[in-house]
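Participant: Below is the structure I would like to discuss, written out as structure tokens.
The values are calculated or read from the model by the stated rules, or taken from the named source; none is laboratory data. A quick note: this is a predicted structure, and the numbers were derived from the prediction, not measured. Counting neighbours? That spans all protein chains shown, and the Cβs are built from the backbone with ideal geometry, glycine included. For accessibility, only protein heavy atoms count, side chains too; no ligands or nucleic acids. Shrake-Rupley method; radii C 1.70, N 1.55, O 1.52, S 1.80 Å.
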Amino acid sequence: MDKLASMLHMTPAIFWMVVKVVIVFAGVMSLAAVWTWVERRGSAMIQDRIGPNRARLFGRWPILGLAQIAADGIKFFFKEDLVPTDANKRLFWLAPFLAFVPALMGFAVIPFGKSFVSGGQTYHLALLDPGNGMGMLYPLAIGGMAVYGVLVAAWSSNNKWSILGGMRASAAMVSYEIGLSLAVISIFMTTGGYDPSEVISAQGHLPWAWNIVRQPLGFIVFFTCMFAETNRLPFDFAEGESEIVAGFNTEYGSMKYSLLALAEYSHLMTASALIATLYFGGWQVPFVKDPTVMLSVASFLLKMLFFAWVFVWIRWTVPRFRYDQLMHLGWKVMLPLSMANLIFHAWRMSQGH
Amino acid sequence: MFITFALITLLGALGMLLQKNVIMAGLCMVATFFGVAGLFVLLANPVAAALQIIVYTGAILVLVLFVIMMLNSHEEEKAQAPRPIQRWVSLALVAALAFGSVKLVLASSGLKALGESGAAVPQAMTLQKVGTALFADHLLGFEVAGFLLLAAMIGAVALTKRNL
Amino acid sequence: MAVIVKKVELTWLDRTYVWPVMKGMGITFQHFLKQLFTPTAKRYTIQYPDMKKEMPAGYRGLHELKRFEDGAIKCVACFMCQEACPARCISIEAEEFSDLNITQGFEEKRPAVFKIDMLRCIYCGMCEEACPKDAIWLRNDYEVAAYDRLSMQFGKWDLMNTYAEADGKDSLGQDPTPSVPRRTIAM
């Protein structure tokens, strides 16, 4: 590592930072792209279909239809880039980026592996080193920013359906954020810290000490709210073919649409990474006290991908909620549940547990 | 870094004032809040930055934009008749205010102390410290503020819900 | 007549919503696994260009003009199919031919031109019903498409050779010289 850094005339710290940024962003983006394929194949399998399996790499190797991703990408790049006449041009251009950037940024604090020491220097496997003071507040803050992508996309396309979808989605996102934050706060309380590395080390390597066992109620609330935050079914109010066409991205086409779709999947990745970190011990390997770095990274990836798959799985199981049901669930069920969870854990802590 | 964030803040504020489109003005405000959050981070207070983004940009401004879109004021405001006198008076007022504040800051004793001894490296703010400050040092104020907010909430419900 | 809708009483477990969702996820996952471990050939989906559906016995696909064992056309140009066709897509021109050397001057009739406009044909099978000689059949080929309209005009030889490859027969280009009297050949 040091040799490579000195070859590139960089200090190891900066070199490591660059490597991390490349790994995380490339990793999340390619995973998001792969997940479009997983979503399509998975949904097909669930519905007794086959799914995209005909695209071939160089017209020869079918590899389970994975080439479909590349084919889609090429198609999106070469499509005509339409902007509606009455759209607000600047915001119409800005919106996909507003959606995409927060979706990727949220991943920055999540440690995706065990820190290791090499050559007298500690390397942390997270973009922002632990102890940055932002901790888990950062993904919450960035998650809140994701509303703007939807809202701006909806408003700037100057389309009734778009705006309806955008309004519904943003209202849902804002109202579910409260239950989400309260669920996370009770984790901060029991952990005694709000840095993701602290949350992970407090959970330990034994599966029955993880937060999922300690706070099952909090997990249900958090998990449900994550669906609303990522705008996935059963809470995907930004879209809705049966009512409002394609919702906020009705007017979008070509690469701009592709960015919006990628943003959704990057969001999904970040959300599942958050779930794995907060409730399933992050990079901790079950029953292994001191795992190697590679093992911890593999464990984290496995957990993250499992939850990403759960997102897909639920999407093809549960139908979309009605809007008033969603609001009812958000304010009258999720919020009191998370409050009860918070108060219960506060009480337990006061009892000296 | 400071210059970048300050520029973002100032340009956002300026854009907010000069934009005729309400939504654009709101988005400029988002940029301003982001700049302020960046400044908070530079002041070793990441908690304030995070809260700034969560509360202001993530919730309040979304609601503001939400309402604006709901009212759907798509048309940009028509320019009103120019008011030269008001313009000059406001310019003079702003200049006076800016001059006065800068002079006040320069004349303050804290700045002199800073110039003599150099700035102390600030301790990074954490959520724990915020909690201690709120619940130990300023408990009364915190409770009063909470009570006030509760009263406001009940009042809002009572006002909007006609038939209780 | 009023219909009394039975109100479903939900148990508290159903009311939690979490349990029914988990049940549903179980079902979807069963389907997922089942589909995942089913070999491609046994899945519901027929992957069309690679696999083709076996058409049922009565399917009315592309026409074939039948021929005798010696390759001569069975059609006697009686115009019954042309009359029966509701889409009026068949047009026949008859000609006489004699197998002089066998039946001593017995004249027979056969189509010189037998054209079906496949763009007009509605595959109703009326021609098949009307034919007294069982000379036209609608069989199981459903891939009737072409890049231009002219290719959709099927002539006599096209129609006689439509299933030649599938049945392992030779493609014909001209009427063979009859070697036996028509009457002696079993239908």
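Participant: Could you please put A:E251, C:E69 in sequence from largest to smallest accessible area, using a 1.4 Å probe?
Facilitator: Details: A:E251 60, C:E69 175 Å².
Largest accessible area first, the residues go C:E69, A:E251.
Participant: Now, a different point. Using unit Cβ charges (K, R positive; D, E negative) and no other charged atoms, how large, in debye to the nearest 20, is the dipole of the protein assembly as shown about its Cα centre?
Facilitator: Details: 59 positive and 52 negative charges, 332 e Å.
I would put it at about 1600 debye.
Participant: Compare B:F135, B:F99 by solvent-accessible area with a 1.4 Å probe and give them largest first, with all protein chains kept in place. Numbers along the way, then the final one.
Facilitator: Values: B:F135 120, B:F99 145 Å².
The most accessible residue leads, giving B:F99, B:F135.
Participant: Right, another one. Return the distance in nm (one decimal) between the two label points of a simple spin-label model at B:V157 and A:F287, each offset 7 Å from Cα along Cα→Cβ.
Facilitator: 5.1
Participant: If you take every residue apart from A:K160 with its C-beta less than 15 Å away from the C-beta of A:K160, what net charge results, scoring Lys and Arg +1 and Asp and Glu -1?
Facilitator: Values: positive: A:R168; negative: A:D86, A:E239, A:E243, A:E251.
Spelling it out: positives minus negatives among the neighbours equals -3.
Participant: Also, I was wondering about something else. I'd like the FRET efficiency for B:V89 and B:L7, computed as 1/(1 + (r/R0)^6) with the beta carbon distance as r and R0 of 41 Å, rounded to 0.05.
Facilitator: Working: r = 28 Å, r/R0 = 0.69.
Step by step, r from the Cβ atoms, then E = 0.90.
Participant: On to the next question. So how much accessible area does A:T11 have, in Å² to the nearest 10, using a 1.4 Å probe?
Facilitator: Estimated to the nearest 10 Å², A:T11 gives 70 Å².
Participant: If you count only protein heavy atoms and use a 1.4 Å probe, how large is the accessible surface of A:I220, to the nearest 10 Å²?
Facilitator: That residue has around 60 Å² of solvent-accessible surface.
Participant: Grab the beta carbon distance between A:K79 and A:L206, set R0 = 45 Å, and tell me the FRET efficiency rounded to 0.05. Can you show the working numbers first?
Facilitator: Working: r = 51 Å, r/R0 = 1.14.
With R0 = 45 Å, the Cβ-Cβ based efficiency is 0.30.
Participant: Moving on to the next point. Compare A:P291, A:P102, A:P62 in a GNM of chain A, Cα atoms joined below 10 Å, and give the one with the largest fluctuation.
Facilitator: Top of the fluctuation ranking is A:P62.
Participant: Pairs to check: C:K74/C:K156; C:K133/C:K156; C:K53/C:K156; A:K332/C:K23; C:K52/C:K169; A:K20/A:K114. Give those whose C-alpha atoms are more than 20 Å from each other in this structure. Intermediate values should be presented prior to the final figure.
Facilitator: Working: C:K74/C:K156 12 Å; C:K133/C:K156 16 Å; C:K53/C:K156 28 Å; A:K332/C:K23 24 Å; C:K52/C:K169 22 Å; A:K20/A:K114 13 Å.
Result: C:K53/C:K156; A:K332/C:K23; C:K52/C:K169 exceed 20 Å.
Participant: Between B:Q19 and B:A98, what is the label-point separation in nm under the 7 Å Cα-to-beta-carbon projection?
Facilitator: Spacing of the two 7 Å Cα→Cβ label points: 2.2 nm.
Participant: Among A:K332, A:K20, what's the order by accessible area (1.4 angstrom probe), most exposed first?
Facilitator: Working: A:K332 140, A:K20 5 Å².
Listed by decreasing accessible area, they come as A:K332, A:K20.
Participant: Let me ask something else about it. How far apart, in nm, are two points set 7 Å out from the Cα along the Cα-to-Cβ line at A:H328 and at B:I68?
Facilitator: The two pseudo-label positions are separated by 3.4 nm.
Participant: Could you compute the FRET efficiency for C:Y123 and A:V34, with r as their C-beta to C-beta distance and R0 at 51 Å, rounded to 0.05? Could the numbers behind the result be given before it?
Facilitator: Values: r = 45 Å, r/R0 = 0.88.
That gives a FRET efficiency of 0.70.
Participant: Tell me the mean residue ellipticity at 222 nm calculated for the protein assembly as shown from its helices only (DSSP H runs of n ≥ 4, each -39500 (n - 2.57), averaged over every residue, nearest 500). Before the final figure, lay out the partial values.
Facilitator: Values: 29 runs with 387 residues, N = 704.
That comes out to -17500 deg cm²/dmol.
Participant: Right, another one. Summing Lys, Arg as +1 and Asp, Glu as -1, what charge do residues with Cβ under 15 Å from the Cβ of A:L128 carry, A:L128 excluded? Can you show the working numbers first?
Facilitator: Numbers: positive: A:K20; negative: A:D129, A:D195, A:E198.
Result for the local shell: -2.
Participant: Residues with amide H under 5 Å of C:I136's amide H, sequence separation 5 or more or different chain, H placed in the peptide plane at 1.01 Å from N; which?
Facilitator: So C:I136 has HN proximity to C:K66.
Participant: How much solvent-accessible surface does A:L104 expose, in Å² to the nearest 10, with a 1.4 Å probe and all protein chains in place?
Facilitator: A:L104 exposes around 20 Å² with every protein chain in place.
Participant: Taking a spot 7 Å from the Cα of C:V21 along the direction of its beta carbon, which residues of segment A:233-257 have an amide N less than 16 Å from it?
Facilitator: Output list for this probe position: A:233-237.
Participant: Another question, if that's okay. Other chains near B:64-71: what is the mean number of their Cβ atoms within 10 Å of each residue's Cβ?
Facilitator: Per residue, the average neighbour count from other chains is 3.
Participant: Specify the residue with the greatest mean-square fluctuation among C:Y142, C:Y59, C:Y48, computed from a Gaussian network of chain C linking alpha-carbon atoms under 10 Å apart.
Facilitator: C:Y48
Participant: Given +1 on the Cβ of Lys and Arg, -1 on the Cβ of Asp and Glu, and no further charges, what dipole in debye does segment A:4-152 carry about its Cα centre, rounded to the nearest 20? List each step's numbers first, then the result.
Facilitator: Details: 12 positive and 7 negative charges, 88 e Å.
The dipole of segment A:4-152 has a size of about 420 debye.
Participant: Compute the label zone of A:R90 within segment B:23-42: residues whose backbone N is under 16 Å from the point 7 Å along Cα-to-Cβ.
Facilitator: Those under the cut-off are B:23-32.
Participant: A further question on this structure: Hey, what angle do you get for helix C:18-36 against the long axis of chain C, alpha-carbon based, 0 to 90 degrees rounded to 10?
Facilitator: Helix C:18-36 and the main axis of chain C meet at about 30 degrees.
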